[in-house]
1. All but one of (1) at pLDDT below 70; (2) open to solvent by 40 Å² or more (accessible area, probe 1.4 Å); (3) touching a helix residue (DSSP H, G or I) at 6+ places or on another chain (Cβ under 7 Å) hold for LEU386, so report the exception by its number.
2. Any chance you could count how many residues in region 253-272 are open to solvent by 10 Å² or more (accessible area, probe 1.4 Å) and more than 13 Å from TYR374 (Cβ to Cβ)?
3. Under the condition of being among the β-branched types (Val, Ile, Thr), buried (at least 22 other Cβ atoms within 10 Å of the Cβ) and at pLDDT 90 or above, which residue from region 119-150 is farthest from ALA96 (Cα to Cα)?
4. How many residues does region 52-67 hold that are within 20 Å of VAL117 (Cα to Cα), in a helix (DSSP H, G or I) and of a type in the set (Gly, Ala, Ser)?
5. Could you tell me how many of the residues in region 69-114 are of a type in the set (Val, Ile, Thr), open to solvent by 10 Å² or more (accessible area, probe 1.4 Å) and part of a helix (DSSP H, G or I)?
6. Taking the conditions exactly as written (over 20 Å from LEU211 (Cα atoms) and touching a helix residue (DSSP H, G or I) at 6+ places or on another chain (Cβ under 8 Å)), does LEU44 satisfy them or not?
7. Within region 59-75, does at least one residue satisfy the condition of being at pLDDT 90 or above and closer than 17 Å to VAL136 by Cα?
8. Of everything in region 308-325, what is open to solvent by 20 Å² or more (accessible area, probe 1.4 Å) and assigned to a loop (DSSP other than H, G, I, E, B)? Give them in sequence order.
Amino acid sequence: MSPAHTGAPVIPGASTASFPAPETTTPEGREPGRPGYRRMTLALFAAGLATFALLYSTQALLPAISDGFGVTAGQASWTVSAATGALALFVLPLSALSERFGRTRMMTWSMAVAVGVGLLVPFAPNLEWLVALRAVQGAAIAGIPASAMAYLAEEVKPKALVGAIGLFVAGNSIGGMSGRMVTGWAAQLGGWRVGLLAVGLMSLACAAAFLVLLPRARFFRPASLNPRAVGRTVAGHLRDPLLLRLYGIGALFMTVFGAVYTVIGYRLVDEPFSLGQGVIGSIFLIYLVGTVSSAAAGQLVARAGRRGALYLAVTTTALGLLLSLSDSLAAVLTGLVLITAGFFAGHAVASAAVSRTAKSGRAQASALYQSAYYLGSSAGGTLGALAYHSAGWAATVGIALLAVLGVVSITLYGSHAARAERRMPTPAVAAR
């Protein structure tokens, strides 16, 4: 999953200096009904579908990978954590490179490498090779979301931008969900290698559609790389207390989500559930709940405020975690629905707040949020799997509840800091 789920346009890695007001830079930008708009949106839908199907392709197959290589849940979980961790590390530098070499070129090369590696992954001879290939794949995927958002901001008229980004986000969501489902059912028919090959071939078809459909960029202007300027901007964001709290909230929410969805396959394949690999893959249809809850986050913030929305999100997530401890399949599925709804709502609130909080360098601020978010995914997947291997599902839930407690602590601290700031006299009052 990515920050684009928030419903707000986020342009990670793009220099704010490179994006004057769209009204003045893209007077002839594309819009519905104009030449090239449909081709552009379909191309980026295909890109989003392919990349997020690849990113989480091993998640639904972890029990089968464990059996195939004779490894523990914690070891197998690195096939997910390596990809998301590499994405987190490379999203900022690759988005900066797209400023110099172009959005379409970055997306094309990133897609080519990610899909090419995806076709090699099913033939990995051992776990070490599989993890290494997945890390390369995650690093390649990092170049696509940032470049795609920047490409849309440059090429689309402002009034059509939200709709264009919405289709790209839909590709992300559907790709993340369908990738898990395709691998699950294909693996049930022919094993986990067949499952990964099926996703690789699906992504190859999407990549071909992307290359055929994507119109050339008309408004991109290369910018010189200035590592010092980027470094100063990033350092400024990392010194901002509110941004740091938001990054922490995003990372902790994703720790919960990564732990639950990395390990849930092991829980459901074991007694008392004993579900097949295809059915487990279909469990990821619950992601659709997240699409609804993230879209409703804006209304929730309007009614309850940002902190109120976060408290509601963590409460919903915690209730879902507790429900998932039951041995009733209906209760576990209900718990997953609540966890998913709470996670996506909290993630939407935090990521949107990043864009509002950063007064300059909003693109780098959003890229840092993505880095924290995917590092949280890597940590959650690995820690959750280690906990499950050591003490079962209850231990995984314990790890997730600790992350929820972390979100509550950060939010409470933020509330206290805001009250203290309001009580401080303004400089004019203090001077009297």
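1. (1)
2. Going through region 253-272, the residues open to solvent by 10 Å² or more (accessible area, probe 1.4 Å) turn out to be 255, 266-267, 269-272.
Next cut, more than 13 Å from TYR374 (Cβ to Cβ) only: 266-267, 269-272.
Looking only at that region, the number is 6.
3. As a first pass, look at region 119-150 and keep what is among the β-branched types (Val, Ile, Thr): 121, 131, 136, 141, 144.
After this cut, where a residue has to be buried (at least 22 other Cβ atoms within 10 Å of the Cβ) as well, the list is 121, 141, 144.
The next check asks that each one be at pLDDT 90 or above; those that pass are 121, 141.
Numbers: VAL121: 28, ILE141: 15 Å.
Step by step, filter region 119-150, then rank; the result is VAL121.
4. Here is the first cut: in region 52-67, the ones within 20 Å of VAL117 (Cα to Cα) are 52-62, 65.
Those left that are additionally in a helix (DSSP H, G or I): 52-55, 59-62, 65.
Now narrow it down to the ones that are of a type in the set (Gly, Ala, Ser): 53, 60.
Residues flagged as within 20 Å of VAL117 (Cα to Cα), in a helix (DSSP H, G or I) and of a type in the set (Gly, Ala, Ser) within region 52-67 amount to 2.
5. Of region 69-114, the ones of a type in the set (Val, Ile, Thr) are 71-72, 79-80, 84, 91, 104, 108, 113.
Adding the requirement that they be open to solvent by 10 Å² or more (accessible area, probe 1.4 Å) leaves 71-72, 104, 108, 113.
Within this subset, residues satisfying the condition of being part of a helix (DSSP H, G or I) are 104, 108, 113.
The total comes to 3.
6. Details: over 20 Å from LEU211 (Cα atoms): no; touching a helix residue (DSSP H, G or I) at 6+ places or on another chain (Cβ under 8 Å): yes.
In short, no.
7. No, every residue in region 59-75 fails to be at pLDDT 90 or above and closer than 17 Å to VAL136 by Cα.
8. To start, the set of residues in region 308-325 that are open to solvent by 20 Å² or more (accessible area, probe 1.4 Å) comprises 308, 311-312, 315-316, 318-319, 322-323, 325.
Result: LEU325, single match.
The values are calculated or read from the model by the stated rules, or taken from the named source; none is laboratory data. This structure is a prediction, so every number in the text was calculated from the model and none was measured. Note that we place each Cβ from the backbone using ideal geometry, even for glycine, and neighbour counts take in every protein chain shown. Accessible surface areas use protein heavy atoms only, side chains included; no ligands, DNA or RNA. Shrake-Rupley method; radii C 1.70, N 1.55, O 1.52, S 1.80 Å.
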